[in-house]
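S.K.: Questions regarding the structure given below will be posed in turn.
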Amino acid sequence: MRLLISLSIALASTAAAQAPLPAPTKPAADSVAASYVPHRVYDTRNKRFTDFESMLADVMYADVVFLGEQHDDPITHRLEAATLEGLTRRRGNIVLALEMFERDAQKPLDDYLAGRVSEKDFLAVSRPWPRYATDYRPMVEFARWYRWPVIAGNVPRRDASAVARAGLPMLDTLNATERAFIATDLNCPHDAYFDRFAKTMGDMSGHGPGPAPTKEALAAQLERIYQAQCVKDETMGESVARAFAAAPPRALVLHVNGSFHSDYRQGTAARAQARLKDKRVSVVSFMPVDDLDKADGRNDRAIGDYIVFTLKPPAPAAAAAAAAAKP
């Protein structure tokens, strides 16, 4: 009797292990093209405000579209998902590429998209960003339903951190497997992008106990951090170019990244364009503001093809005060 029970349990366990994973379900309309969220779209080339659908009707003709986001803006993520949905209505083939997954996560990502592993198992090994469930999952699930490829385009953060500490020469210490996760061609010029990067980094003279670092030491530190930034840009740019080359004819690659990587067509956008010289690369930059009625894109026309102004969520203290003031 015990033998029969044990055999039954073993057979049940084997059947459960071999049972197919559930098929993807089509995302609900309100989970992708969400209900209206406050925003305004500025067309930088025509120097005028336009609407979201008109923007999509234009960038649908691009080969690559960069969506530059502020990572902590929830409205931006809603509109990014709506962009994917809107382009899907207009184009037959979409490739979704994300800064938010690193190249060594491509296999588990592919396995999840193909239904070979569960979402739980995929997320356990792919190091998703903290707000993945709310910020990026809607786009991944939408692409999964339509069987669009999703590209994990970024450099592994351990390698970027190592470059920031030791500089580009550390790449020569990597084995072939690890080196393949990083762009083959690496350039790190001191150009307008470097100037913007250095300005953004600001004063790096903060230090702990002991003598203050010298000007030369600070410059060397900035250079290593900038080299790590270049490694990220080159790797994501190469990932975009490879994805485009591998995609079916007339495919559009939609790349989501922090806006610094694509603003002014610099960074990742420039590295992708260098690899896709005859292709149209469009840049959309999302910009949270305090007052949509006062949004003005005239001073930021060089930032990309379109600026999507979003309304900043209220600060927690302000929101609490406003709620307390209501009758």
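S.K.: Hey, which of these cross-link pairs are over 29 Å Cα-Cα: K107/K199; K47/K277; K232/K294; K120/K232? Display every interim value, and only then the final one.
M.R.: Values: K107/K199 37 Å; K47/K277 26 Å; K232/K294 35 Å; K120/K232 27 Å.
Checking Cα-Cα distances, K107/K199; K232/K294 exceed 29 Å.
S.K.: Straight-line reach from K312: which aspartates and glutamates have a Cα under 16 Å away, not including same-chain ones fewer than 8 places off?
M.R.: E69, D72, D73, E80, D135, D290, D291, D293, D296
S.K.: Could you work out the equivalent-ellipsoid semi-axes for the range 129-182, taking the square root of 5 times each eigenvalue of the Cα gyration tensor, largest first, in whole Å? Before the final figure, lay out the partial values.
M.R.: On the way: eigenvalues 192, 41, 7 Å².
Taking √(5λ) for each Cα gyration eigenvalue gives 31, 14, 6 Å.
S.K.: Between the range 233-308 and the range 162-192, what is the separation of their alpha carbon centroids in Å?
M.R.: 23
S.K.: Taking the Cβ-Cβ separation of H190 and K47 as r and a Förster radius of 51 Å, what is the calculated FRET efficiency to the nearest 0.05? Kindly include the intermediate steps, with their values, before the conclusion.
M.R.: Values: r = 32 Å, r/R0 = 0.62.
According to the calculation, E is roughly 0.95.
S.K.: Another question, if that's okay. What whole number of Å gives the distance from the Cα centroid of the range 59-89 to the Cα centroid of the range 90-129?
M.R.: 18
S.K.: Continuing with this model, one more query. Which order do the peptides 194-201, 279-286, 234-241 come out in when sorted by mean C-beta neighbours inside 10 angstrom, highest first? It would help to have the intermediate numbers written out before the result.
M.R.: Details: 194-201: 13.2, 279-286: 21.5, 234-241: 25.5.
Top of the packing list down: 234-241, 279-286, 194-201.
Every number here is computed from the coordinates shown, using simple stated rules; none is lab data. All values reported here derive from a predicted model rather than from experimental measurement. Ideal geometry is used to build each Cβ from the backbone, glycine not excepted, and the neighbour counts take in all protein chains shown.
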